[in-house]
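Below is one structure, written out as structure tokens, with a few remarks after it.
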Amino acid sequence: MFTANKVADRLKAVSSSVVSVGPMVRSVASNASNGETVSFAEHFTASEQFDRIFKDGMALVERTAAYLDGAGRQEAKALSASLNVVYATESMRLTTRLLELASWLLMRRALKLGEITAEEAHVKRRRIRLGVARPQHVKDYGGLPRAIRALIEESFALQDRVVRIDRALEAARAGKIDTQDNPVGQQIASIEAAFGNPAFPH
């Protein structure tokens, strides 16, 4: 049966496994003299913009876990029986959404750090389910505590950014684009637009 602390435990397990993002350990430059190229996806995964979205996303995971394990548990107890069901349902959806987003971020970070190859990252990506739609209407949603509604909105904002970036990266991969190719303006613009709209205040 669903409980708030089970959700919190799942999120804390993710957040506790994350170490701080250090300096770039993989060069993203192409070496024309020896013919080495670095993929377009690797170039952007290794960027400072990726570090920012990674930190923002994992910070959201940590804040959500702390809320569900603390204040959220107390707020849920004060809700009516019907609202408690809505709270439980939306908490589970929030957790599932964040776990998938965290999986995507961790996969991309592993690629950045050289822990997996681009092909391994592609295989892992196929196992991740990124949502693309928001529910049109959830009955009694407005009666939920303000804090959980704010976390839900932040999770959707993060999801929107990740989905835009993911689509651009997958399109680049499908086109076998690398950093030595010039006709990548559209993909660059798409990714930079996504990175340039932070979901969270700093």
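A few comments on the model shown:
- Residue match in the range 66-79 (condition: without any contact (Cβ under 8 Å) to a residue 12 or more places away in the chain, over 18 Å from PRO135 (Cβ atoms) and touching a helix residue (DSSP H, G or I) at 6+ places or on another chain (Cβ under 7 Å)): no
- For the range 87-115, filtered to residues that are closer than 21 Å to ALA150 by Cβ and charged (D, E, K, R), the residue that is farthest from the chain's Cα centre (by Cα) is GLU90.
- The set of residues in the range 44-53 that are modelled with pLDDT of 60 or more and either touching a strand residue (DSSP E or B) at 6+ places or on another chain (Cβ under 7 Å) or crowded, with 21+ Cβ neighbours inside 10 Å (or both) comprises PHE50, ILE53.
- Residue ID - farthest from the chain's Cα centre (by Cα), chosen from residues in the range 142-155 that are surrounded by fewer than 16 Cβ atoms within 10 Å (Cβ to Cβ) and of a type outside the set (Asp, Glu): GLY143
- Qualifying residue in the range 77-86 (condition: modelled with pLDDT of 90 or more, farther than 21 Å from PHE54 by Cα, surrounded by fewer than 16 Cβ atoms within 10 Å (Cβ to Cβ) and under 17 Å from the mean Cα position of the chain (by Cα)): no
- For the range 157-188, a residue qualifies if it is modelled with pLDDT of 90 or more and surrounded by fewer than 17 Cβ atoms within 10 Å (Cβ to Cβ), and the qualifying residues are ALA157, ASP160, VAL163.
- Boolean, ALA118 is closer than 22 Å to ALA174 by Cβ and surrounded by fewer than 18 Cβ atoms within 10 Å (Cβ to Cβ): yes
The values are calculated or read from the model by the stated rules, or taken from the named source; none is laboratory data. None of these values were measured; they are calculated from a predicted model. Note that each Cβ is placed from the backbone with ideal geometry, even for glycine, and that neighbours are counted across all protein chains shown.
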